[in-house]
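Report on the following structure.
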Amino acid sequence: GAGVSQSPSNKVTEKGKDVELRCDPISGHTALYWYRQSLGQGLEFLIYFQGNSAPDKSGLPSDRFSAERTGGSVSTLTIQRTQQEDSAVYLCASSTDRGPSYEQYFGPGTRLTVT
Amino acid sequence: AQRVTQPEKLLSVFKGAPVELKCNYSYSGSPELFWYVQYSRQRLQLLLRHISRESIKGFTADLNKGETSFHLKKPFAQEEDSAMYYCAPLRITYNNNDMRFGAGTRLTVKP
């Protein structure tokens with residue numbers, strides 16, 4: 001019974017480079033969320049996948065950010081041309097769409113540092 | 001616009017004192033509400049959900065539809081309660097479960 005996993009756990013990159021962050025949700029969970037957690041900024045919603053529906057991208061801060069979810073399972077968050085303000089912990093969570101509980105299960109996060 | 005407000009970024013109390021973490025929501029319909037907690041060096045995890053009317057680790061939260069609030073309370077805070085707390089309302093629509101978190105409140109319980 002593995003939980004949500006994320007890789008890498010830490011990523012240091014130079015400004016201007018592209019990065020890919022991976023999330024493996026709990027098997028069978030149809031909903032997948034990406035959040036960004038910055039010091040002093042709390043938890044910022046980025047994007048939400050639900051089954052086969054079009055993703056809710058309303059939280060993505062700029063067009064440098066994009067995410068995919070292949071086969072309804074693994075998701076990749078891509079940040080192009082990274083900037084220093086992108087430095088944060090990126091969290092992934094998954095949940096079932098079956099009631100009554102919609103508890104989100106979180107991964108350990110990827111700490112991104114842009115130098 | 002749908003919104004979750006946690007007005008206090010930081011909250012500090014002494015051990016044994018009562019604590020209340022505030023959460024107000026602005027959501028259409030009747031959302032379900034949750035409190036999540038992140039202890040130091042641990043994953044973000046569910047603390048309690050209003051639909052269960054449960055008390056977890058001495059914490060309770062009452063949904064007040066009139067005030068659109070879901071404040072988290074504990075009568076006697078403990079040092080191990082020090083953590084980051086997030087309120088989250090879930091809006092369920094057809095084929096879409098939209099859960100967005102508040103900005104969070106960092107609780108420090110001093111000895």
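Here are a few things to note about the model shown:
- Mean separation of Cα contacts under 8 Å, 6 or more apart, over the residue count of the range A:5-98: relative contact order %: 39 percent
- Set of lysines near B:Lys57 by C-alpha distance (under 28 Å), chain-local residues within fewer than 8 positions excluded: B:Lys9, B:Lys15, B:Lys22, B:Lys65, B:Lys73, B:Lys74, B:Lys110
- Net charge dipole, the range B:1-79: roughly 220 debye, given to the nearest 20, about the Cα centre with Cβ charges of +1 for Lys and Arg and -1 for Asp and Glu.
- Percent of Cα-Cα distances greater than 32 Å, calculated over the protein assembly as shown: 19 percent
- The Cα center of the range B:52-111 and the Cα center of the range A:63-115 differ in position by 23 Å.
- Against the empirical 2.2 N^0.38 Å (N residues), the range B:3-110 has a Cα radius of gyration ratio of 1.04.
- Where the Cα pairs of chain A fall when distances are cut into 5 Å bins, in %: 2, 13, 23, 26, 19, 10, 5, 1, 0
- With DNA, RNA and ligands ignored, accessible area of A:Ile26 (1.4 Å probe; Å², nearest 10): 40 Å²
- Exposed loop sites here are GluC sites (Glu not before Pro) assigned a DSSP state other than H, G, I, E or B and surrounded by at most 12 other beta carbons within 10 Å; excluding them, the longest clear run of chain B is B:1-53.
The values are calculated or read from the model by the stated rules, or taken from the named source; none is laboratory data. Bear in mind that the values here come from a model prediction, so they are computed numbers and not experimental data. Heads up, the Cβs are rebuilt from the backbone with ideal geometry, glycines too, and the neighbour counts pull from every protein chain shown. When the accessible area is computed, the model is the full protein with side chains, heavy atoms only, and any ligands, DNA or RNA have been set aside. Shrake-Rupley method; radii C 1.70, N 1.55, O 1.52, S 1.80 Å.
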